[in-house]
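A short reminder: the numbers here are calculations on the coordinates, not readings from a lab. This one's a predicted model, so the numbers in the text were calculated from it and none came from an experiment. Cβ sites come from the backbone with ideal geometry, for glycine too, and all protein chains shown count toward neighbours.
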Amino acid sequence: MRRPGANLPTGAITTDPSTASTWAWPCSTNPGSYRHPTNWHVRTYGLFTANAFGSKALDKTQPSKPTELAAGERLKLRHRFLFHREDEKQAKIAEAYAEYAKQ
């Protein structure tokens, strides 16, 4: 789902077929998040999640990267969905991500 050079996979859902009202959502990972940029794991039965742990399962060319935390150690996972109806430029998606990346 990740586009080369971007951390904004997107999707769209039609909320009301009679009005053709469409929502879009960029999914972003904060640069401070563990294993940024994060792979996104999507299945046809509705699963849609960030997956910083299954690198080898998602891409056989990647090495296995086990994650072990020592007692008291923390792991930060930060992801954001921004739902909008406008196109990418009108919704100012790049600007919203730039602000999010500063947090």
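Among the lysines, which have Cα under 23 Å from the Cα of residue 56 when same-chain residues fewer than 8 positions away are ignored?
Qualifying lysines at Cα under 23 Å: 65, 76.
Is the range 35-103 best put as rounded, prolate or oblate by its Cα gyration tensor, with a ≥ b ≥ c the root eigenvalues, rounded for a/c under 1.5, and otherwise prolate when a/b is larger than b/c, oblate when not?
Note, shape of the range 35-103 comes out oblate.
Pop a pseudo-label 7 angstrom from the Cα along the beta-carbon direction at both residue 51 and residue 74 and give the gap in nm to one decimal.
2.8
Go through the range 93-103 residue by residue and turn each phi into a ³J(HN,Hα) via Karplus (6.51, -1.76, 1.60, θ = phi - 60°); whole Hz please, and just put x for glycine and proline.
Those phi angles translate into 5, 4, 5, 5, 5, 4, 5, 4, 5, 6, 6 Hz.
Under 21 Å between alpha carbons, and skipping anything fewer than 8 positions from residue 89 in its own chain: which lysines qualify?
102
What GluC sites (Glu not before Pro) in the range 29-103 are in a loop by DSSP, with at most 13 other Cβ atoms within 10 Å of the Cβ?
Qualifying residues, ordered by number: 68, 73, 86, 88.
Sticking with the crude label model, points 7 Å out along Cα→Cβ, report the distance from residue 85 to residue 41 in nm, one decimal please.
3.4
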